[in-house]
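Have a look at the structure below before the remarks.
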Amino acid sequence: MTLALVLGTIGVLGVPVDPDAPDARSWLREELAKAPYIAAKPTWFDRVAQTFLDWLQSLTMPSGGGANWLPVLATLVVIAAVVASWLVFGAPKLARRRRLSGELFGSVDQRSSTEMRAAASLAANAGQWSLACEEIFRAVTRGLTERTVLTAAPGTTAHDFAARAGLAFPQVRDALSSAADVFDRVRYLEQTGTEAEYRALAALDAELEVASPATLAGVL
């Protein structure tokens with residue numbers, strides 16, 4: 001709406017229309033501040049949408065044929081969506097790893113195997129052998145799930161996990177079974193762990209870190 005139109009409207013209503021420049025600007029601001037004008041004013045989304053549509057319409061080949069670029073644009077949009085999904089959700093293996101990183105042996109534990117090993121080391125340095133044994137067994141389990149060698153679904157017991165891990169690493173089957181025994185004793189029976197048991201568990205963890213599985217135990 002122009003200033004002349006506003007002033008003309010005001011004149012029709014019987015208001016004197018011979019203001020000086022400051023008064024005219026003031027009247028114009030007051031008129032445009034009314035709800036109908038505000039409602040009719042394009043929003044930031046309207047402006048962005050219109051700019052985008054104008055840009056789409058400009059996507060034509062410079063040749064006389066006027067070939068449309070919209071198919072090319074649609075392809076680029078699909079590729080961008082795939083890349084964005086990968087960045088947000090990660091590769092399939094990483095996404096699977098995130099899904100498996102919640103519950104572990106009856107408690108919610110979001111820590112990585114590295115963090116669990118550090119906690120076990122701190123407990124051992126403090127002479128808290130029961131806690132050290134529990135933490136290092138958790139580190140063994142989390143390490144294998146992070147590598148997607150096995151899964152540890154809610155309800156998985158220490159012995160169930162050790163049995164499946166023994167199929168993947170038959171060379172340490174007995175050590176895994178003993179490790180599960182130690183975990184159950186210190187975790188559920190509240191028996192005291194020993195330094196020797198912790199050292200054995202730590203050695204098992206170190207061996208499994210570099211060992212290659214003999215079978216895909218994760219599907220068992």
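Consider GLU134 carefully, then state whether it is surrounded by 20 or more Cβ atoms within 10 Å (Cβ to Cβ), touching a residue at least 40 places away in the same chain (Cβ under 8 Å), touching a Lys or Arg at 6+ places or on another chain (Cβ under 9 Å) and among the acidic types (Asp, Glu). If you could, list the steps in order and put the result at the bottom.
Working: surrounded by 20 or more Cβ atoms within 10 Å (Cβ to Cβ): yes; touching a residue at least 40 places away in the same chain (Cβ under 8 Å): yes; touching a Lys or Arg at 6+ places or on another chain (Cβ under 9 Å): yes; among the acidic types (Asp, Glu): yes.
When the stated conditions are applied, GLU134 passes them.
For the stretch 104-122, state whether one or more residues are over 14 Å from GLU209 (Cβ atoms), surrounded by 17 or more Cβ atoms within 10 Å (Cβ to Cβ), of a type in the set (Gly, Ala, Ser) and in contact with a Phe, Trp or Tyr (Cβ under 6 Å, 6 or more places away or on another chain).
no
For ASP205, all conditions in the list (1) open to solvent by 70 Å² or more (accessible area, probe 1.4 Å); (2) of a type in the set (D, E, K, R); (3) not in a loop (DSSP other than H, G, I, E, B) hold save one; what is the number of the exception?
(1)
For the stretch 180-202, which residues satisfy the criterion of being part of a loop (DSSP other than H, G, I, E, B) and open to solvent by less than 40 Å² (accessible area, probe 1.4 Å)?
Selection gives GLY193 alone.
Does any residue of the stretch 150-169 turn out to be basic (Lys, Arg) and part of a helix (DSSP H, G or I)?
Going through the stretch 150-169, the residues basic (Lys, Arg) turn out to be 164.
So of that shortlist, the ones also part of a helix (DSSP H, G or I) come out as 164.
Yes: the stretch 150-169 contains one or more residues that are basic (Lys, Arg) and part of a helix (DSSP H, G or I).
Would you check if there is a residue in the stretch 186-194 being out of contact with any Ser or Thr (no Cβ under 6 Å at 6 or more places or on another chain), touching a residue at least 12 places away in the same chain (Cβ under 8 Å) and aromatic (Phe, Trp, Tyr)?
no
The values are calculated or read from the model by the stated rules, or taken from the named source; none is laboratory data. These numbers were taken from a predicted model, which means no experiment stands behind them. All Cβ positions, glycine included, derive from the backbone under ideal geometry; neighbour counts span all protein chains shown. The area values use the complete protein model at the heavy-atom level, side chains included, leaving out ligands, DNA and RNA. Shrake-Rupley method; radii C 1.70, N 1.55, O 1.52, S 1.80 Å.
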